[in-house]
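Here's the structure we're looking at; comments come further down.
Please treat every number below as a calculation from the coordinates, not as lab data. Remember, predicted model here, so these are calculated numbers, not experimental data. Note: ideal-geometry Cβ built from the backbone for every residue, glycine included; neighbour counts use all protein chains shown.
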Amino acid sequence: MSASLLSPSWYRVAPLKPRLRSHVRIERHEYRGQDWYVIQDGFTGRHHRFSSEAYQLVGMMDGRRTMDQIWQAVCARLGDHMPTQDEVIELLARLYRADLLQTSAILDFSDLHQRSVKSRRSRLFTQMASPLSLRFPLLDPDRFLTRTMPWVRPFLGWQALAVWMLVVAAAAILAVLHGDALQGDFSDALLSMENLLLISLLYPVLKVLHEFGHAYMVKKEGGEVHEMGVMLLVFMPLPYVDASSSTSFRDKRQRMLVGGAGIMVELFVAAVMLLVWLNVEPGVVRALAYKTLLVAGVSTVLFNGNPLLRFDAYYILSDWLEIPNLAQRGVGYLGYLCKRYLLGVDSAESPARSPGEARWLFFYAVAAFCYRIFISVRIVLFVAGQFFFVGIVLAIWAVFMMLVMPTWRVAGFLVKDTHMQRKRIRVMMTVVLPLVLLAGVLAMVPAPLYTNAEGVVWVSEESRVYAAAGGMVEAVVTPGGTTVQSGDPLIRSTDLLLETQVRLLQARREEFQARRQLSMNRDRAETGMLDEELKSIETEIARAQERQAALITRSPAAGIFVLQDEADLPGRFLRRGEPVGYIVDPLRMHIRTVVTQADIERVRSDVRSVEVRLAENIGQVLPARVSREVPAASRVLPSLAFSLDGGGRFALDPREKEAPQVLERLFQFDLVLEGPVPGNVEERVFVRFEHSPEPLAWRAYRALRRLLLTRLAV
């Protein structure tokens, strides 16, 4: 035990008489039932957290006691929980690096200069590590906030909170009641460049109110705000204030109020704008109110209200859970798990200091990392869509900072750390070898490859029954389900106007025949003219009779007559060309399926087998083959069963009113089963094309390439 308690380097620090600098202030906080001490550096605005054991040492640093005396006194006070000399040296080093410590030793000004340069480089590197959000400090607003605080204080009291809750609650209820109207205007508000320009002008104004909400709440609770500037968030200039002095507040409710003040301001603005939007007539004021509502509401919900991003909600969650530095400690906890259980480092220490912290640290670190990757990809794609070169640079930088740099640091840790050097074989077996094997499997081992599609049971155009003429259905001559032959009558319709027209033509023909009979003995020229008129009338009668004959819909082929809506058909008016049913022959039925642009190349060039499952009998697998491809791609769906409204996967284009069309071009294939099709016409089926096996890495490359082709047109 004495070997771990003592340190061979203790003689270097034992005679030192350190004390904290005059601009340092210490506050006691309670986190999950444990006392912690926050040291606030009034010069830099930074905060440092220490345990109660460490505070026993720091609290005795008065410039009169030597470190050896301090350590001896703390050991006597803490007993079995005494710190080791190495831990004391590490604490001194931490205080020294933070520039919180002052000793009686002669100051090394060159060392101070190097530390200052290193600090500036560290801040610069931190900004470069996040190129999508750069900060530029501009001014110290503390005096302005102090002078204007008397006018703002009434808006920060309990009465103001009651008004805020009433307005926001009323707006929330109204938003639910008018949800459809809000969604309709939401689509219109995002589709035009004019609206995007207006939103880009409104957002900084709202952010000014947001940041002043933080600043005034800090002042109300007794803090100070000494930095205000501009932050470039995805190259959009936005104001910010440094409200970090709230970290020293003892009560977590005070810290949560500071974190939530900006969100409360934006929600109140959004609520007021909703009330304006609902109560004014259409015009400039109403449009401006809606755009403000859109910006304030969406930015609050998606950004400031999202705890996975290090904005307001993150600090509120951190204070509510009483887990300071939630994100940083979460990453540290993942590192601890890898060291302890993957690499077998028994001396690894968990960042979790109290019961329940470990669970929160783990889940938050994983969720935040996944969301950070997701949002970075979305931002890069958005920027690249507008400025291709800038987007590519951002993509390279994001990959470097989020993947390459962490991998490099882990590799450096595995090579340089003394614990890892003793466990080199285990490192090779648990880290390097699995990664090499995984890369080999992903890049070289073929994996089964399938393309899934949807289809319907289909009949040829020759087997479809259409109304040959428009008319009112008088009777169904042949009931559905009857076996018919080509030419058999199926449906009889009537057209009273057509019947009247035929009778009039026949009466006119009789009239002209009588006139011709009289003219034969008087005037041969008149007889010739009447003959021409009679020919014309006969032609019209023949056409009308053809239309009368077409009122009887006949079977176009032999098979089983399938009639749609048979019970509702009598008395219904059928338009010419309207489909009424099918002539089904199971041996001549096939499957019509649609394939997207992303999958068409594989389906055309590499199909090893095709499987079909009917929706009504999903467990039965039916082998099939591709019989033909319908020429040319089309946006017109062969059946509404493919649409979202019909239970399919394709969204209809709302701009097309005539025919059901989708937003992307689709390719249609006809599949033939080896036996009869055991399904009804236009019954949904699920199709799976089997392709040659392919490694997962190549599949991921193709998906990435397709994404770039779709989003960036490269």
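Candidate membrane-span-like segments in the chain, meaning DSSP H helices with Cα atoms spread over at least 30 Å of their own axis and a Kyte-Doolittle mean of 0.0 or above, are 193-220, 252-279, 357-386, with no membrane implied. If you plug the beta carbon distance of Thr482 and Val626 into 1/(1 + (r/R0)^6) with R0 = 35 Å, you get a FRET efficiency near 0.55.
Classify region 460-543 as rounded, prolate or oblate from the Cα gyration tensor: take a ≥ b ≥ c as the square roots of its eigenvalues, call it rounded if a/c is under 1.5, otherwise prolate when a/b beats b/c and oblate if not. Here region 460-543 falls in the prolate category.
Exposed loop sites here mean chymotrypsin sites (Phe, Trp or Tyr not before Pro) with a DSSP loop assignment and at most 15 other beta-carbon atoms within 10 Å; the chain contains its longest site-free run at 388-714. Close Lys pairs in the chain, defined as Cα atoms under 15 Å apart and 8 or more places apart or on different chains, number 4.
Distance between the 7 Å Cα→Cβ label points at Asp645 and Met231: 4.5 nm.
The modelled label-to-label distance between Glu546 and Glu90, using points 7 Å beyond Cα along the C-beta direction, is 9.9 nm. Shown is the FRET efficiency for Tyr11 and Ile396, computed with R0 = 35 Å from the Cβ-Cβ distance and rounded to the nearest 0.05: 0.10.
Here the label points at Arg604 and Val432, each 7 Å from Cα along the C-beta direction, are separated by 4.7 nm in the simple model. Taking trypsin sites (Lys or Arg not before Pro) in DSSP loop conformation with at most 15 other Cβ atoms inside 10 Å as exposed sites, the chain has its longest uninterrupted site-free stretch at 65-249. The calculated FRET efficiency for the pair Leu696 and Leu202, based on their C-beta separation and a Förster distance of 60 Å, comes to about 0.85. Take every pair of alpha-carbon atoms less than 8 Å apart whose residues are at least six positions apart; their mean separation over the length of region 517-589 yields a relative contact order of 28 percent.
If you stretched the chain out fully between Phe155 and Asp68, how much longer would it get, using 0.36 nm times the residue separation minus the C-alpha to C-alpha distance? Stretched out fully, the Phe155 to Asp68 stretch lengthens by 26.0 nm.
For the chain, the normalised intensity computed at q = 0.06, 0.09, 0.11 Å⁻¹ comes to -0.64, -1.07, -1.31 (log10 of I(q)/I(0), Debye sum over alpha carbons, equal scatterers, no solvent). The longest stretch of the chain left intact once loop-based GluC sites (Glu not before Pro) with at most 11 other Cβ atoms within 10 Å are removed from consideration, loops following DSSP, is 1-348.
Where does the chain land at 222 nm, in deg cm²/dmol rounded to the nearest 500, when only DSSP H runs of n ≥ 4 count, each adding -39500 (n - 2.57), divided by all residues? Calculated at 222 nm, the ellipticity per residue is -16000 deg cm²/dmol.
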